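The values are calculated or read from the model by the stated rules, or taken from the named source; none is laboratory data. Computed from a predicted structure; not experimentally measured. Methodologically, a virtual Cβ is constructed for each residue, glycine included, from the backbone with ideal geometry; neighbour enumeration extends over all protein chains shown. These accessible areas exclude ligands, DNA and RNA; they are computed on the full protein's heavy atoms, side chains included. Shrake-Rupley method; radii C 1.70, N 1.55, O 1.52, S 1.80 Å.
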Amino acid sequence: MNNLRKIIVLSFITLDGVIQAPGGPQEDTSGDFKYGGWLAPYFDDFLGKVMSEQMGRPFDLLLGRKTFEIFASYWPNQESPINEATKYVVSNTLMKHEWNKSVFLKGDIVKKIRELKSQDGPELQVHGSGNLIQTLLKHDLVDELWLKIFPVTLGAGKRLFVEGTIPAALTLKDFKISPKGVIVASYERAGDVKTSSVA
């Protein structure tokens, strides 16, 4: 198992678990979501440095179609390691794109992702991609969660953990707290959930 490529989910998340549209008002308005851009008041140099560190190591990307399209509208015109990474895109509708090193996956997605994990290559980072994350969690394909937990509740919106998430134990690998109160926490899978009594 240790020679498999790791799948790492990087998520901006509210205290009540919402991951929808952190970056801007028009990022994802589905479900009449009105709070797009909720991370902006808390994003600072500290979080910028964290993101640079997390994306400053060798990686490829595993993305859902919507997140890929958002990325593809911005990153090709920037200097970023994202442009050198292979982008594996889960989509049944989008089959090609001019952005270099874009590879499209369709059909039996779970099987294809397992095959990706077994190949040689760097870690697979998942950004955004809420629907894809649900598939990964349901099939126990997530090796690590790199969360930025923001001190805000929204009460509505797409959540990181929903019905279908399997019971799973995790170990805290690292954490930091930003000056604005954002908790940056990295967790890795640690086997099955164990239960006992505190009595």
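Exactly one of (1) touching a helix residue (DSSP H, G or I) at 6+ places or on another chain (Cβ under 7 Å); (2) open to solvent by less than 30 Å² (accessible area, probe 1.4 Å) is unmet by Leu145. Its number? Only one criterion in (1) touching a helix residue (DSSP H, G or I) at 6+ places or on another chain (Cβ under 7 Å); (2) open to solvent by less than 30 Å² (accessible area, probe 1.4 Å) is unmet by Leu145, namely (1).
Residue count for segment 141-167, restricted to those that are at positive phi and at pLDDT below 95: 1. Looking at segment 103-139 only, could you name the residues that are more than 23 Å from Asp28 (Cβ to Cβ), part of a helix (DSSP H, G or I), of a type in the set (D, E, K, R) and out of contact with any strand residue (DSSP E or B) (no Cβ under 9 Å at 6 or more places or on another chain)? If the condition is that a residue be more than 23 Å from Asp28 (Cβ to Cβ), part of a helix (DSSP H, G or I), of a type in the set (D, E, K, R) and out of contact with any strand residue (DSSP E or B) (no Cβ under 9 Å at 6 or more places or on another chain), then Lys111, Arg114, Glu115 are the ones that fit.
The residues of segment 32-68 that are open to solvent by less than 80 Å² (accessible area, probe 1.4 Å) and charged (D, E, K, R), listed by number, are Asp44, Asp60, Arg65. Counting just the residues of segment 10-60 that are touching a Gly at 6+ places or on another chain (Cβ under 7 Å) and among the β-branched types (Val, Ile, Thr), which one comes out nearest to Asp143 (Cα to Cα)? It comes out as Ile19.
Does Arg189 fit the bill of being open to solvent by 80 Å² or more (accessible area, probe 1.4 Å) and at pLDDT 95 or above? Judged against the criteria, Arg189 is not a match.
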